[in-house]
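All remarks here apply to the structure that follows.
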Amino acid sequence: RFNPKFDDAYVSRGDARKKQGDLKGALTDYNEALCLNPQNAIASFSRGNIYYAQGDLNGAIADYNEALRIFPRYSSAYIARGRVRQALGDLDGAIDDYNEALRIFPGHSSAYFYRGHVRHDQGDLNGAIADYNEALRLGPQNAKTYFNRGFARQVQGDLDGAIDDYNEALRLDPERVSAYGNRGLVRKAQGDLNGAIADYNEVLRINPQDALAYCNRGNIRQIQGDIDDAIADYNEALRLCPQDASAYNNRGYAYEQQEKIEEALADYESALRIDPQHERVMNNRANLLKRMNK
């Protein structure tokens, strides 16, 4: 039975409301809990989570700071504050918070996951992969961690390792569209063009509004000599994203392959209106004009 004089009752009801998606109601309950007991670290932490979800990052940090003042060994509050610092671009501060969370509780798989993300952003790919390895040791059923490790391996040039991780991410979460997209890029780099097309087909099955997937699939079809279907993909990419200079460039080159010179030139010029410094477009246009003036 709900007791309006008991601060933890408000926290519990706030948690239930948050789970139902009622952030406003949850915030009201956490405020009430803190009015009754300003030293309730869990209420401060939970309200910080609401502020974070609402995009109030400064409010979130203030509450996480308060939770840690009350209870300095609150490892989850360090992780939460680290995420906010990461979102604010304070990567060193985020690393410090994840380190502190792991000092208090070395079994926090999420602290390894988020620290790995920051290390990747800082260019420390080996450190990122080491953190993802540890996160997966502690929580081996996490598709997002496999995806992130796969991306780090992809950037490092370990294409086979990246494929393995994307495969595992998709085994755990068959609708993870980003894993299909990245695996498509890796398969293309490995020369598996049919496999790449299959991945972009999956991306478009899940999200038919993905302009980049149309552009990437068109690029592969163009490499395979399927120019008509490549142009159809570029058309769709440009319908969805009319300011995509690369799609205009790719379609222009496809038109050029079909000897549709005027259409090609028009696309190159459209691309340069969007991005006047696009080097590939400038080169393609210059080469086309040389052909036309012969």
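No value in this document is a laboratory result; all are computed from the given coordinates. Note that this is a predicted model, so its numbers are computed, not measured. Neighbour counts run over all protein chains shown; Cβ positions are idealised from the backbone, glycine included.
Could you pull out the residue among Tyr248, Tyr166, Tyr255 that is more than 19 Å from Val281 (Cα to Cα), free of Cβ contacts under 8 Å to residues at least 40 places away in the same chain and of a type in the set (Phe, Trp, Tyr)?
Details: Tyr248 fails: more than 19 Å from Val281 (Cα to Cα); Tyr255 fails: more than 19 Å from Val281 (Cα to Cα).
None of the others qualify; the one that does is Tyr166.
Would you check if Asn182 is polar (S, T, N, Q) and either in contact with a Lys or Arg (Cβ under 9 Å, 6 or more places away or on another chain) or surrounded by fewer than 16 Cβ atoms within 10 Å (Cβ to Cβ) (or both)? I'd like the intermediate steps shown before the answer.
Values: polar (S, T, N, Q): yes; either in contact with a Lys or Arg (Cβ under 9 Å, 6 or more places away or on another chain) or surrounded by fewer than 16 Cβ atoms within 10 Å (Cβ to Cβ) (or both): no.
So Asn182 does not fit the description; no.
Inside the range 273-294, can you point out the residues that are crowded, with 18+ Cβ neighbours inside 10 Å and under 31 Å from the mean Cα position of the chain (by Cα)? Full working, then the answer.
The first filter runs over the range 273-294 and keeps only residues crowded, with 18+ Cβ neighbours inside 10 Å, leaving 278, 281, 284-285, 288.
Correct list: His278, Val281.
Answer yes or no: is there a residue in the range 93-100 that is surrounded by fewer than 18 Cβ atoms within 10 Å (Cβ to Cβ) and either out of contact with any helix residue (DSSP H, G or I) (no Cβ under 6 Å at 6 or more places or on another chain) or on the phi > 0 side of the Ramachandran plot (or both).
Checking the range 93-100: at least one residue is surrounded by fewer than 18 Cβ atoms within 10 Å (Cβ to Cβ) and either out of contact with any helix residue (DSSP H, G or I) (no Cβ under 6 Å at 6 or more places or on another chain) or on the phi > 0 side of the Ramachandran plot (or both).
Is at least one residue of the range 87-102 touching a His at 6+ places or on another chain (Cβ under 7 Å) and either closer than 24 Å to Glu134 by Cβ or small (Gly, Ala, Ser) (or both)?
Step one: filter the range 87-102 for residues touching a His at 6+ places or on another chain (Cβ under 7 Å), giving 101-102.
Within this subset, residues satisfying the condition of being either closer than 24 Å to Glu134 by Cβ or small (Gly, Ala, Ser) (or both) are 101-102.
Within the range 87-102, one or more residues are touching a His at 6+ places or on another chain (Cβ under 7 Å) and either closer than 24 Å to Glu134 by Cβ or small (Gly, Ala, Ser) (or both).
Is it the case, given these coordinates, that Glu175 is crowded, with 18+ Cβ neighbours inside 10 Å, more than 21 Å from Ile95 (Cα to Cα) and among the acidic types (Asp, Glu)?
no
Can you name every one of the helices (runs of 4 or more DSSP H) wholly within the range 183-257 that holds 2 or more residues which are farther than 24 Å from Gln277 by Cβ, within 21 Å of the chain's Cα centre (by Cα) and not β-branched (Val, Ile, Thr)?
Values: elements: 193-206, 211-223, 227-240, 245-257.
Hits in the range 183-257: 193-206, 211-223.
Sort through Tyr74, Tyr98, Tyr114 and tell me the only one that's touching a Leu at 6+ places or on another chain (Cβ under 7 Å) and not small (Gly, Ala, Ser).
Tyr74
Among the residues of the range 95-104, are any aromatic (Phe, Trp, Tyr) and touching a residue at least 24 places away in the same chain (Cβ under 8 Å)?
So far as the range 95-104 goes, no, none of its residues is aromatic (Phe, Trp, Tyr) and touching a residue at least 24 places away in the same chain (Cβ under 8 Å).
Tell me, yes or no, whether the range 260-270 has at least one residue that is free of Cβ contacts under 8 Å to residues at least 60 places away in the same chain, of a type in the set (Lys, Arg) and closer than 17 Å to Leu212 by Cβ. Quick ask: steps written out before the conclusion?
Within the range 260-270, the subset free of Cβ contacts under 8 Å to residues at least 60 places away in the same chain is 260-270.
Pick out the ones that are also of a type in the set (Lys, Arg) and you get 260.
Going one step further and asking which of them are closer than 17 Å to Leu212 by Cβ, we end up with none.
No; the residues of the range 260-270 include none that is free of Cβ contacts under 8 Å to residues at least 60 places away in the same chain, of a type in the set (Lys, Arg) and closer than 17 Å to Leu212 by Cβ.
If you go through the range 18-43, how many residues are under 18 Å from Gly55 (Cα atoms) and assigned to a helix (DSSP H, G or I)?
Matching residues across the range 18-43 total 10.
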